[in-house]
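The values are calculated or read from the model by the stated rules, or taken from the named source; none is laboratory data. Keep in mind that what you see is a predicted model, and the values were worked out from it rather than measured. Positions of Cβ are backbone-derived with ideal geometry, glycine not excepted, and every protein chain shown enters the neighbour counts.
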Amino acid sequence: MATLSFSLNPSALTRFHGALNCLAKFSDSVSIEAEYDQLRLSALNSTKTAYSSFLFDANKFFSRFSFSIRRGDPRNPSSDRFSCQIYLKALLSVFKGRAVDSRDKDTAIERCEVDLIDTPDQAECRLVIKMLCGKGVIKSYRLTYESVAIQHAIFDKARSRNQWKIESKFLREIIEHFSHSAEQLDIYPEGSKAVFTSFTTKVTDGREVLKQPVHTSVTIDKRDFEDFLVEENLHVAINVKDFKAIIIHAESTKAAITARYTRPCRPLQLAYESEGMVCEFTLMTRGEQDEESGDGSPPATQSSARPPPRPVQISNTPTTERVPSLPSRSARSSAKPPAEKSGQLDSLLKSSAYMDFDSLFVPVDDDRQWDEPNYEDDTEDKLGWDASADLGESNINSEKGKTGNESVPVTEQRQEHNIVEDEQAIPPTQRMSQIRGLGLFD
Amino acid sequence: MRFRSQLANVSTFAKFTASLSSLGKICWMRLEEEVVRFTVIPDQGTQVWAQLPIDTIFDNTYTVQSATGVINLEVPIGALSKALRSATGATSAQLRLTKNGVVPLLALTVVASSWTAGDNALGIQQSNQVLSPAGPGEDRPTQPAPVGGPRERETVITQEIPVKVLHQSVVEGLHEPRCRDPDVHIILPGLVQLKAISDRFTKLATNTASGERSSSCPKLELSANMHGSLKLAIAADTLRISSVWTGLVNPPLDPGQLSQTEIDQLPSERMRALGTEGNGDEEAGWAKVRIDGKDWGRVLSVGRLSPKVVACFIHETALILYVYLRGSWAGEDSCLTYYINSYSP
């Protein structure tokens, strides 16, 4: 049983609302995680190509914050945090327009109090939001939430080789030029310039040609960046809509945005901080894979770092669950030394140019994944696996049932990770639920 | 086949394309030696045929080269209009015909410059806020780090609009509509006011009619006489409203083109004579058309160019608007011609 209670003053409320608005551009529901010193709102989009996270500092952001959880909760035995998911539209409607509603000074919101009532013995879980307005008016909203295990995308900042930082207003100027129908945004340095170009991957002909989105390219000087450390002519492409959503929010906080990435087809992170709020977005990139990028892991090595052959996978995969190769990676990486725990989620996503990935986590068609893995290859970027999710399998299943998405994305690594000692003893695609009883996960 | 030019008058061009794009998605753009023609022929609604002397929107860098001396393009006019928005306030803007693979493109290249705010308005340097130079590993010649203060930023924006090159044979069959001489010609009042009232009327009629036949858009009745009066009216089951302007100008026709006897025989002179009885307000002297309210609203979006508009009424048949851009009144070279059909009562 967990209790969570916090208050927001009007300015924090406005920024909280802003964060929810931004999250709403990525997903229908928001994941809420509470810990002793922070609250995290996150969302993963349906195609799992974009993950957004807002981390609120308990002391700096909230005017009051308290959280407690009873340890040894049978549902959540090893956790010191509480997590749940809420339908975003419902949550947004509570905040909609209210934070900025100052037409009537008398009844303007003076404080917003949020209480989470987690009572396992009752059927209903409730999040109670109270708006304390002037003249003693109190507006209360009771929302239902769903208790789920949260999926996080992990981005290893230490491994990113390319990085730039720029004031958000400059990026805001750039996105103004892109049309609404623009699809992909390619970012690359060219001499002393940085270029942002939109393109489409759709092939059209005949009369349809005229319906193609306008290709826009905006070139700015590298001097506009606070720092710019990007491999020359390295192209990475991300979704324009995601980029716009992020920039619009970033600009509202007036923060400087930092982008970090390694290379195309690996995740790119956009991050910025503002007054007790840390905003991080992990986006799937696409682009021309440059094998001579000085990666240190040549293609051969890359391709060999793959799970065992397919037949094993098929035999171990329940017929109802079409599990892509991802669990194998998760299992593998969970066995890595702690130093590597926060490995990037971007492994195995290398592929030929402009392949359309549906997911941050699952390559749609990467033939090399069937090759012999290189077990010694520690340089390989890795996926993380939250050990707590092993036991929370039922939670994951229930969520999958809900979303209809059967791949198991990475979960955050905060717990013990050394459970699996022999990473290859178990065919990697086997579900965690199936291998209980072997003594490894009990 | 080559076309390129610097844009001389971005805001006019942007407004012009925005007006056209309200009527249709595709525009036929015909680049000639002396003029550029834009034609929008939607499946339904008003046609517009426009011609601009090249110096209205282009400068002396205007170059058109092709076998026939003419380039015909099919342009998504909305996309062109949006792209031109990037060019407002730009230092320079160039439009040219190019290719990406097999897809011909109109490429708009805009150079915009602005000043960084610097750290403060006075440009006093603050040591703790330094715009650091770009990182190492970059081949730019080292220049002193622009520290703190305001600095000119340059942004280059390229907008590539997919177009289709039309063969001469495709456009040969397209002709401007021919109409008989108008019954009434009159200079319209300010389009801001006219549009506001028209839109208001349309909205009123739409809302009241929503119960029965919401599918059909309300029809405005527009009529004018040769004695400086224009009437805008709408009639629905539950309301009947009208607005009348008086003291407008019925422009004289160019005596250079027609002899006096020819002028006297024009329908408009007959209408002028008919209207003279009863203080110029005689019913017979009015020419009337019935037009689609929403379509009319889209036509009037040309008001953003603040042009001078001559409306020619052909009684119960059609309304033709000659829209002259500001400053070109004397030459009458830049002209948009709108052909609006009248609906039968």
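Total residues in the range B:218-239 satisfying the condition of being surrounded by fewer than 19 Cβ atoms within 10 Å (Cβ to Cβ) and either touching a Gly at 6+ places or on another chain (Cβ under 6 Å) or among the polar types (S, T, N, Q) (or both): the figure is 2. Contact annotation: residue pairs with Cβ atoms under 6 Å, 6 or more positions apart or on different chains, pairing a residue in the range A:104-115 that is more than 11 Å from residue A:141 (Cα to Cα) and modelled with pLDDT of 80 or more with a partner that is surrounded by 14 or more Cβ atoms within 10 Å (Cβ to Cβ) and hydroxyl-bearing (Ser, Thr, Tyr), are A:111/A:7. Residues that are among the charged types (D, E, K, R) and exposed (fewer than 15 other Cβ atoms within 10 Å of the Cβ) within the range B:86-117 comprise just one, B:99.
Beta carbons closer than 6 Å, at least 6 apart along the sequence or on distinct chains, pair a first residue in the range A:170-181 that is in the same structural domain as residue A:222 (by the TED database) with a second that is in a helix (DSSP H, G or I) for A:170/A:224; A:171/A:247; A:172/A:247; A:172/A:251; A:175/A:244; A:175/A:247; A:178/A:240; A:179/B:82.
Applying the condition of being outside any strand (DSSP E or B) and charged (D, E, K, R) to the range A:187-209 and asking which residue is farthest from the other protein chains (Cβ to nearest Cβ) yields A:202. Screening A:166, A:150, A:175 for residues that are crowded, with 20+ Cβ neighbours inside 10 Å, among the β-branched types (Val, Ile, Thr), within 14 Å of chain B (Cβ to nearest Cβ) and not in a strand (DSSP E or B) leaves exactly one candidate, A:175. Residues in the range B:80-118 that are in a loop (DSSP other than H, G, I, E, B) and touching a residue at least 12 places away in the same chain (Cβ under 8 Å): 9 in all. If you go through the range B:10-36 and keep only what is away from chain A (no Cβ under 14 Å) and outside any helix (DSSP H, G or I), you end up with B:22, B:23, B:30, B:31, B:32, B:33, B:34, B:35, B:36.
Considering only residues of the range A:232-250 that are crowded, with 17+ Cβ neighbours inside 10 Å and more than 20 Å from the chain's Cα centre (by Cα), which is nearest to the other protein chains (Cβ to nearest Cβ)? Ranking the candidates gives A:234 first.
Could you tell me which residue of the range B:37-76 is surrounded by the most Cβ atoms within 10 Å (Cβ to Cβ), considering only residues that are polar (S, T, N, Q) and in a loop (DSSP other than H, G, I, E, B)? Here the residue is B:46.
Note on the range B:81-110: residues that are within 12 Å of another protein chain (Cβ to nearest Cβ), under 17 Å from residue B:11 (Cβ atoms) and not polar (S, T, N, Q) amount to 9. Among strands (runs of 3 or more DSSP E) entirely within the range A:6-79, having at least 1 residues that are closer than 17 Å to residue A:91 by Cβ and at pLDDT 90 or above singles out A:29-34, A:38-44, A:50-57.
Checking the condition without any contact (Cβ under 8 Å) to a residue 24 or more places away in the chain, exposed (fewer than 15 other Cβ atoms within 10 Å of the Cβ) and more than 14 Å from chain B (Cβ to nearest Cβ), which residue from A:128, A:137 passes? The unique qualifying residue is A:128. Which one of these is facing chain B (nearest Cβ under 9 Å) and on the phi < 0 side of the Ramachandran plot: A:212, A:184? Among A:212, A:184, only A:212 is facing chain B (nearest Cβ under 9 Å) and on the phi < 0 side of the Ramachandran plot. Applying the condition of being surrounded by 13 or more Cβ atoms within 10 Å (Cβ to Cβ) and in a loop (DSSP other than H, G, I, E, B) to the range B:163-175 and asking which residue is modelled with the highest pLDDT yields B:163.
With respect to residue B:73, determine if the residue is touching a Pro at 6+ places or on another chain (Cβ under 9 Å), closer than 18 Å to residue B:98 by Cβ and of a type outside the set (Val, Ile, Thr). The answer is yes for residue B:73.
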